[in-house]
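The values are calculated or read from the model by the stated rules, or taken from the named source; none is laboratory data. Since this is a predicted model, take the numbers as computed values, not measurements. Glycine gets a Cβ as well: all are built from the backbone with ideal geometry, and neighbour counts include every protein chain shown.
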Amino acid sequence: MHDEPDLGEVCPECGTHHRVIESIPAQPLTQSLVEELRESTNFTFVRGTNWISGKNLGLSTDQEVTEDLIIGTQTKALYLKLYEPGWVVEIEEKPFEDEDETVEDVAQEILLFVSHDREELLFEMLEIISTELDPTYDCPECDYLETGGSTLARNFLFHLTESHNYTGEKALSVLEECTLDAE
Ligand SMILES: [Zn+2]
Ligand SMILES: [Zn+2]
């Protein structure tokens, strides 16, 4: 994956034919729109990932929206990302038939790959903000209470995932809240 791709030709950088999928409305999608897409199209797999509040994108809704979609057709899995012109194909992969792989297997792999990627980025971003703002790390599950001055953001994440079995995604959203409150 790389920055905003050139549309049309097969990309010299990654070999993907980056193009807009016109059948999907060119806007961030809410859970219910993703649901609708799953029901109203022939896609075999439809999942959004990297959900964020619409407010963070400057929308009027604070519902969670996504700009990252993984879809499956009869033969291929695609990762679509929302850019100015619409939903652009970033990754397109066929299953390995020899290994009995299905389109859904490939879609799940892509889902993991792109979700993880975004979590890392978000974490790096939050860690930088944390060192600037001195947030309060207040654990919602126990009386753990630290600040940006007393510990690192990653230690708070570690606490949430290790002590309370939070997923990385959930731990990050708690950290995000603490960081935003510090402003
Ligand atoms: Zn490319
Ligand atoms: Zn705790």
Checklist line | Any strands (runs of 3 or more DSSP E) falling wholly within the stretch 69-153 and containing at least 2 residues that are within 16 Å of ligand 1 (Cβ to nearest atom) | finding: 77-83, 86-93
Note to self: Being within 20 Å of S115 (Cα to Cα) and either within 16 Å of ligand 1 (Cβ to nearest atom) or among the small types (G, A, S) (or both) is the filter here; which residues of the stretch 154-183 pass it?
What the structure shows: G168, A171, S173
Notebook entry, point to check: Given T41, T66, T75, which one is in contact with a helix residue (DSSP H, G or I) (Cβ under 8 Å, 6 or more places away or on another chain) and either loosely packed, with under 13 Cβ neighbours inside 10 Å or within 22 Å of H17 (Cβ to Cβ) (or both)?
Noted result: T75
Check: Which ones in the stretch 126-183 are within 15 Å of ligand 2 (Cβ to nearest atom), in contact (Cβ under 8 Å) with a residue 40 or more places away in the chain and charged (D, E, K, R)?
Finding: D138
Notebook entry, point to check: Filter the stretch 84-101 for residues that are within 13 Å of Q74 (Cα to Cα) and not acidic (D, E); which is surrounded by the fewest Cβ atoms within 10 Å (Cβ to Cβ)?
Noted result: K94
Check: What's the number of the condition V10 fails, among (1) within 16 Å of ligand 1 (Cβ to nearest atom); (2) touching a residue at least 12 places away in the same chain (Cβ under 8 Å); (3) β-branched (V, I, T); (4) farther than 16 Å from W87 by Cα?
Finding: (2)
Next item on the list: Run down T61, T16, T44 and say which single residue is more than 17 Å from the chain's Cα centre (by Cα), more than 22 Å from I91 (Cα to Cα) and β-branched (V, I, T).
Entry: T61
Notebook entry, point to check: Which residues, taken from the stretch 148-160, are at pLDDT below 90 and either farther than 23 Å from L133 by Cα or surrounded by 15 or more Cβ atoms within 10 Å (Cβ to Cβ) (or both)?
Noted result: G148, T151, A153, L157
Next item on the list: Name every residue in the stretch 106-143 that is of a type in the set (F, W, Y) and surrounded by fewer than 16 Cβ atoms within 10 Å (Cβ to Cβ), in order of residue number.
Entry: F113
